[in-house]
Amino acid sequence: MKRSVAIHVEPDGRVVVDAPLQAADPDIRLAITRRLAWIHRRMVEVENRQMVLTPREYVSGETAVYLGRRYRLKVVSTQGGNQVRLRGGYLEVAVSNRSPETVRHELEQWFQARAKEFLPRRLAMMSERLKWVKAIPPLSIRRMSRQWGSCSPQGRIALNAGLVRVPRECIDYVLLHELIHLREHNHGPAFYRILDRHLPDWKRTKARLDALADLALAR
């Protein structure tokens, strides 16, 4: 039996190509090209795990993620008030005291503020698309360690502030999930019929969100 070219992404991020001795270089290159998207996804997963497992030092050069995009952290000194802002591909933290505790605090405050700005706006947009949602439900945004969101029997929605770190499509999946609970407050067949109708590719999006859980929920 002819053995095909196998590609593996190791836990440390190395890409290993296992090809039979008789495989020609063009065939190996073709096999790699066909799996580039898969290789990229696996390497992103490895980087996400490494970011969580490696203790953060809150210094320039580390990676920060906002709405699914990666930014380089840039810590600078200032004589004025502390400030965090996006500048090109950098998330710049200007602080008078460059201690890790100060940088971490400023970053957490910035992400919390972005969550309170972005998530209500996205919830309002999603609510307008769904016929059973007559009014934008009450919303609270807070840190959660085990869930992305919830919907109470009274129709109050709570969202994890960490959502502001993941891509927009993942945020929209969580919002849709909770808004469906306004109509079906369970995970029965009717719930999934509505989810399938409004987001046919939700399983792929959920898998992407699950892969980012450690990163988005980490402080």
*asked:* Looking for something among the aliphatic types (A, V, I, L, M), surrounded by 17 or more Cβ atoms within 10 Å (Cβ to Cβ) and touching a strand residue (DSSP E or B) at 6+ places or on another chain (Cβ under 9 Å) - is there at least one such residue anywhere in the stretch 192-215?
replied: yes
*When you look at Tyr71, is it within 21 Å of the chain's Cα centre (by Cα), at pLDDT 90 or above and crowded, with 16+ Cβ neighbours inside 10 Å, yes or no?*
yes
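For Val65, indicate whether it is of a type in the set (Val, Ile, Thr), part of a strand (DSSP E or B) and surrounded by 14 or more Cβ atoms within 10 Å (Cβ to Cβ). Spell out the reasoning first.
On the way: of a type in the set (Val, Ile, Thr): yes; part of a strand (DSSP E or B): yes; surrounded by 14 or more Cβ atoms within 10 Å (Cβ to Cβ): yes.
Yes: the conditions hold for Val65.
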*Does the stretch 164-185 include one or more residues that are farther than 27 Å from Leu86 by Cβ, out of contact with any Pro (no Cβ under 7 Å at 6 or more places or on another chain), of a type in the set (D, E, K, R) and in a helix (DSSP H, G or I)?*
yes
_Cβ pairs under 7 Å, 6+ apart, first in the stretch 48-77 and within 24 Å of Glu10 (Cβ to Cβ) and hydrophobic (A, V, I, L, M, F, W, C), second open to solvent by 80 Å² or more (accessible area, probe 1.4 Å) and modelled with pLDDT under 90_ = Val52/Asp214
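Condition check: at negative phi and modelled with pLDDT of 95 or more. Does Arg122 satisfy that? Please lay out each step first, then the result.
Numbers: at negative phi: yes; modelled with pLDDT of 95 or more: yes.
When the stated conditions are applied, Arg122 passes them.
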*Return yes or no: is Met51 modelled with pLDDT under 80, exposed (fewer than 11 other Cβ atoms within 10 Å of the Cβ) and either of a type in the set (A, V, I, L, M) or assigned to a loop (DSSP other than H, G, I, E, B) (or both)?*
no
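The values are calculated or read from the model by the stated rules, or taken from the named source; none is laboratory data. Only a predicted model underlies this, so the values are computations on that prediction, with no experimental measurement involved. All Cβ positions, even for glycine, are placed from backbone atoms using ideal geometry, and neighbour counts span all protein chains on display. In case anyone asks, the SASA skips ligands and DNA or RNA and just uses the protein heavy atoms, side chains included. Shrake-Rupley method; radii C 1.70, N 1.55, O 1.52, S 1.80 Å.
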